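Have a look at the structure below before the remarks.
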Amino acid sequence: ATRINVTTSQPRPFAPENLTAVALDTCLLKQGLNFSDERLINFTKALGKGVLRVGGTDQNDYAYDVNDSRPVVISNCSEEGVMTGPYWKSLLEFGRVTGRQILFGLNAGGRDPADPADDAVSNASALVAWTLDAGHSDVMWSFGNERNPQNVNESRALAEAMRDRLQRVRAGVSDTTGAPWRGVVVAPDLGLGPRALGTEPAGLFNDSKVSDALAYLKVFADVAGDDLAAISWHTYDFRAGELGVAPDDSPLPTPAPENLSKWWDSDYLEVFDRLADAAEASVGSRDLWLTEMDSVNHHGIPGLTDAFGNSLWLARRFGAAASRGSAFMARQSLLGFDYALLGADPEAMCPTPDYYLTRLFRQLVGGTALPTSSNASLAAYAFCGVEEGVVVLAMSHDEDAAATLDVTIDGAPPSGPRYDYVLSPDPSTMPRGAPETPRNLLASGGMLLNGQKLTFDAAMGGAAGSDPPALPP
């Protein structure tokens, strides 16, 4: 048996609602996502209260006109778009009814430090001022998305330009509302990873994309940090090509490629902690928010990032982030693209295994992480339960053997009953014709809990099959 010992003498607090934040790409707003859809509301409510981060590349060419009375204006992703007053109100109402505080990504202008970005500044000021006047002072804001400098030598000039633009936004809001505005703003949503294709974990900090981003993060924190609630960053662990999937957006091949072994290779799994350590060192004592993250960038890999395989990755990320006391983490994405909790199709809205994992994590895990030790390479994390007891989150990457867990707390057997919640892939949702091997099971689109298929009837508000099956003592 695998022995896991939990130590209660060194607890580390964290906020589960902040580590299970979800992101929604601005691209979906341009496409007119219906925030009044009862299915979307019920799916989101069932994940528990928290934060909804709205942002992404498309926020950098998205404008706002709260005086435009049209219900919505449709545009294509990667093209300029405009958000109307009624549509903004529908997003704010969605946040209210689902218990999700909105973190909205503002257009901060371009990367040219010499550009005053007057249109972006005045547009952002008008949206924030209207939102405050309408009584929504709880809305949080991010300023710009992955506006890393084109040249590392421009780091200070760009950081100063972004600071000056934000100060002008604050001044514009204060002039309009008649009161100083010190609302919650984070920036620069810096892109730190994934590594350049071909860069192995051992050479992580020799990758110029990584080292240049860290250099800018440090300069930005020094220049603009005092005007922000937190410094924000993004990261992804892998590129599709690194896992043997090409071109981007291609589905996971059957049988799964040999390169997929990197998915559970400790050298690759530890890249996140190494980047997070470096990011924390770069910003000093300032809060650090991870406002966008997932396993594979560029929309993910169909059959992996929307399947059981990603839940092995996400479980470990929950554990790693909680154990290091991360302040904030938003998973990309709630809906849309091939790494979404609710699938790539906004019309279908089909929960993926990550959705059920996230929901179970929120139902069981309280706000304290506890150190663990193990006699095996199996990854294990421990937490105080929501109400009482200890929750152990363990995941096995062993393709050849099942793991039997023997848990002790401070070296002694637990005194109360033990409940096992075993999440496994649903073989009936594997790709058609694929042999039922452990590696191919990673592509299963469904999840079992103690052998029972997990389902959620969003049309009924989750009334049918929404809760984990009853577990015996």
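If you take all other residues with their beta carbon under 15 Å from the beta carbon of Arg3, and give Lys and Arg +1 and Asp and Glu -1, the sum is -1. Just report the Cα centroid separation between segment 406-429 and segment 160-236, whole Å. A separation of 40 Å, based on Cα centres. Calculation over all alpha carbon pairs of segment 1-159 in 5 angstrom steps from 0 returns a P(r) of 2, 8, 15, 19, 18, 13, 9, 6, 5, 3, 2, 1, 0 percent. The sum of -39500 (n - 2.57) across all DSSP H runs of n ≥ 4, divided by the residue count of the chain, sets its helix-only mean residue ellipticity at 222 nm to -9000 deg cm²/dmol. Here's the picture: charge each Lys and Arg Cβ at +1 and each Asp and Glu Cβ at -1 in the chain, and of Gly198, Leu448, Pro257 the one pushed furthest to the positive end of that dipole is Leu448. Rolling a 1.4 Å probe over the heavy atoms of the protein chains gives the chain an accessible area of 41 Å² per residue.
Semi-axes of the equivalent ellipsoid for segment 231-298, computed as √(5λ) from the eigenvalues of its C-alpha gyration tensor and ordered from largest down, come to 29, 13, 7 Å. Evaluated with a Cβ-only charge set (Lys, Arg +1; Asp, Glu -1), segment 57-172 carries a dipole of roughly 440 debye about its Cα centre, given to the nearest 20. Along each principal axis, taking the top coordinate minus the bottom one, the Cα set of segment 138-259 gives 63, 32, 19 Å in descending order.
Placing +1 on the Cβ of every Lys and Arg and -1 on the Cβ of every Asp and Glu, with no other charges, gives the chain a dipole of roughly 900 debye about its Cα centre. When the alpha-carbon atoms of segment 260-342 are used, the pair Rg, Dmax equals 13.3, 40 angstrom. Using just the C-alpha positions of segment 53-124 as equal point scatterers, what log10 of I(q)/I(0) does the Debye formula give at each q in 0.22, 0.23, 0.25 1/Å? Debye intensities relative to I(0), on a log10 scale: -1.07, -1.14, -1.25. Along its principal axes, segment 343-414 has C-alpha extents of 51, 36, 15 angstrom, given from the largest down. Near Arg168, once Lys and Arg are set to +1 and Asp and Glu to -1 for all other residues with Cβ below 14 Å from its Cβ, the sum equals -4.
Sorting Thr352, Thr8 by solvent-accessible area of protein heavy atoms yields Thr8, Thr352, largest first, with a 1.4 Å probe. Average projection, convex hull of the Cα set of the chain: 22.3 square nanometres. Placing +1 on the Cβ of every Lys and Arg and -1 on the Cβ of every Asp and Glu, with no other charges, gives segment 301-449 a dipole of roughly 340 debye about its Cα centre. Once the mean of 1/r is taken over each pair of separate Cα atoms and inverted, segment 304-371 shows a Kirkwood hydrodynamic radius of 12.6 Å.
The values are calculated or read from the model by the stated rules, or taken from the named source; none is laboratory data. From a predicted model like this one, the values you see are computed outputs, not experimental measurements. Neighbour counts run over all protein chains shown; Cβ positions are idealised from the backbone, glycine included. The protein model used for the area step is the full one, side chains on, heavy atoms only, and it has no ligands, DNA or RNA in it. Shrake-Rupley method; radii C 1.70, N 1.55, O 1.52, S 1.80 Å.
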